[in-house]
Each structure stands twice: as structure tokens, then as C-alpha cells.
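Below: the structure, in C-alpha cells.
The values are calculated or read from the model by the stated rules, or taken from the named source; none is laboratory data. As the structure is a computational prediction, the values presented were derived from the model and not from experiment. With ideal geometry, Cβ positions are generated from the backbone for all residues, glycine too; neighbour counts draw on all protein chains shown. Just the protein is used for accessible areas: all its heavy atoms, side chains included, with ligands, DNA and RNA removed. Shrake-Rupley method; radii C 1.70, N 1.55, O 1.52, S 1.80 Å.
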Amino acid sequence: MKPRTLLVALALSGALLPPAAARATGLATCDSGSREGWQAQEKLTALLKEKGWQVRRIKEDGGCYEVYALNDKGERVEAYFHPRTLAPVPTGAKDHKG
Amino acid sequence: MSAEARVWDPLLRIAHWTLVASILATWITAELKLDAAKRAHEWAGYTALAVIALRLAWGRIGPRYARFSQFVRSPAQTLSYARAVIAFAEPRYLGHNPLGGWMVMALLSMVAAAGLSGWLSVTDRFWGVAWVQELHEALANALFLLVGLHTAGVVFTSLRHRENLVRAMLTGRKPAPRPGDID
């Protein structure tokens, strides 16, 4: 390989290394079907508020609702809930039926 | 064959490979979909931050080639070195070359920023705050891009000057200075 070619090849290989996507950890997955049957996130927030939780963020992850919150004891929790039933989903659960 | 030059001191080398291991560990533990991996991810991040703190101090009080003042060159010098690289006429540096020196600073800053944002994201105050989580992910991705460029730079420079820079970071030794080298 010509030196110049080598230089360009190396520069490109460095720049094109796929950055490892720092994805959210999918700690559970839910068999939750189409979004139409899902309950609103606001309802889950209200439900958890009643339990004394301070909900910080709700995301969708693996078909579940993933909740970041401080629980009634003030502990940081990341918990999963089924979007149809709003029942808690244990972490590690695969295709949880709710 | 003349004697080799001792360039990288033991503490610097230990710091370098501990940083490599801890960053690798943060990546693996972030990809694993396991509850237990979260604690490991946090500790790998704290280890990386501790290495950065040590390296920053070492850059001021450490031996010659560990010092920032030895290898952080002015923008003009760095640009002129970059031009020499493109023209295939760059001199060999016994310590970090100007581009390598700035890569060191970029890597140290990015590890610090990624580590601190990760730490913030597990405090009560910022727990579950979207922008903190997104910032941490973006900084981590930028760090992995820099690591890729750093590795490419090491391979390129090794080939150009016929020296094994990975081995040098393991043994601390480099081939003795040749005529035209910059010490």
C-alpha cells in the first residue's frame, strides 16, 4: 500500500469504528402488543404517586414502561411496569404477560 | 543496536492500562442486560475517574515524559506537525508527538466528562433526569470515537517510524533516538 493510501485508510478506520451505542439497559421485556391497548403513562404516574413515589421519568423499554423514581423510602429505583395492566414486572422477566 | 530509551514510567503505564480496562468494563457492563452489571458499571466508572485524577496530578509532578508541559504543544506547532504528517515528512518524537499529546488531553477530558455525568445520573438530585442520562450516553459515544482515533493514530505512527508503540506502553522503552528525532 502506498504511504498516502495507508494514511487515509487508517484515518477512516478510526473515524468509522462503530461507537458502541450506550443504550438503556433492557432489564425486562413485556408482551404488550399494540400501543392501542396501553394505559396512559399519566395513570401510572398517578398510581405511583399514591404509593408515595416521586416519579422522575417514564420511558418505553422492551415493550414495558420503565420508571425512574424515588420510592416512598426515598430510595432511587428503576422499575418496570406492564403498559396494559400497570402491574410491576420483575427485572429479568422475558415477554411478561402482565 | 544502541540501548533503548526509557520513556514511560511504571505509574504512567499502570494508569494507562487500568484506564483501558475500566473503560472496556464500562462498555461491557452497559451492554449487558443484567441488574448486577449496573453496580459493576458504576465502579468501573469511578475507577476511570480515579485514574484521571491521578494522571492529572502526574502530569504536573511526574517524570519528564509524563508531564503535560513536555508534550502539550502550541496550536501552531501542532498544525505544522499535522501538515508534515500529510506530506509524509513528520519527525519522530520520543515522547508524545503533538497530535498524540492533544489526543491524550482530549481522552482525559472526555473520560472525566463521561464519568462525572454518569456519577450525576445516580445522585438523588439527578436520578432519572432525561438530559443527564442523554448527556452521559452522548459523552460515552464520543469517548469511544476518540478511543478508535487514538488506536488508529498509534498504529499509524508505529508503522511510520517502525516502532511498536503498544509494546512501548507495556515495557516503557522505545528504540533509542535516531538522527532527526525530537526529544
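Which fully enclosed helices (runs of 4 or more DSSP H) of segment B:92-183 have 3 or more residues being open to solvent by less than 20 Å² (accessible area, probe 1.4 Å)? Per the criteria, B:98-121, B:130-160. Evaluated against (1) within 14 Å of chain A (Cβ to nearest Cβ); (2) within 24 Å of A:V77 (Cα to Cα); (3) surrounded by fewer than 16 Cβ atoms within 10 Å (Cβ to Cβ), B:Y46 falls short on exactly one condition, (1). The conditions of being open to solvent by 50 Å² or more (accessible area, probe 1.4 Å) and among the basic types (K, R) are met by B:R67. Selection of segment A:45-73 for residues being assigned to a loop (DSSP other than H, G, I, E, B), more than 19 Å from A:G98 (Cβ to Cβ) and open to solvent by less than 80 Å² (accessible area, probe 1.4 Å) yields A:G52, A:W53, A:N71.
Count, please, the residues in segment A:31-42 that happen to be in contact with a Phe, Trp or Tyr (Cβ under 8 Å, 6 or more places away or on another chain) and under 15 Å from A:I58 (Cα atoms). First the steps, then the outcome.
The initial filter retains those residues of segment A:31-42 that are in contact with a Phe, Trp or Tyr (Cβ under 8 Å, 6 or more places away or on another chain), namely A:32, A:41.
Next, only the ones that are under 15 Å from A:I58 (Cα atoms) stay: A:41.
The qualifying residues number 1.
Residues of segment B:6-31 that are open to solvent by less than 50 Å² (accessible area, probe 1.4 Å) and either under 23 Å from B:E134 (Cα atoms) or of a type in the set (A, V, I, L, M) (or both): B:V7, B:L12, B:A15, B:L19, B:S22, B:I23, B:A25, B:T26, B:T29, B:A30.
Does B:I61 fit the bill of being open to solvent by 60 Å² or more (accessible area, probe 1.4 Å) and away from every other protein chain (no Cβ under 13 Å)? Can you show your working first?
Values: open to solvent by 60 Å² or more (accessible area, probe 1.4 Å): yes; away from every other protein chain (no Cβ under 13 Å): yes.
When the stated conditions are applied, B:I61 passes them.
Can you find even one residue in segment B:34-42 that is at pLDDT 95 or above and either under 13 Å from the mean Cα position of the chain (by Cα) or of a type in the set (V, I, T) (or both)? Scanning segment B:34-42, I find no residue that is at pLDDT 95 or above and either under 13 Å from the mean Cα position of the chain (by Cα) or of a type in the set (V, I, T) (or both), so the answer is no. If you go through segment B:32-43 and pick out every residue that is within 14 Å of chain A (Cβ to nearest Cβ) and open to solvent by 70 Å² or more (accessible area, probe 1.4 Å), you end up with 6. Given the condition among the charged types (D, E, K, R), part of a loop (DSSP other than H, G, I, E, B), touching a helix residue (DSSP H, G or I) at 6+ places or on another chain (Cβ under 8 Å) and under 17 Å from B:K38 (Cβ atoms), answer yes or no: does some residue in segment A:80-87 qualify? Scanning segment A:80-87 turns up no residue that is among the charged types (D, E, K, R), part of a loop (DSSP other than H, G, I, E, B), touching a helix residue (DSSP H, G or I) at 6+ places or on another chain (Cβ under 8 Å) and under 17 Å from B:K38 (Cβ atoms).
For segment B:165-178, the criterion of being touching a residue at least 40 places away in the same chain (Cβ under 8 Å) and touching a Ser or Thr at 6+ places or on another chain (Cβ under 6 Å) is satisfied by at least one residue.
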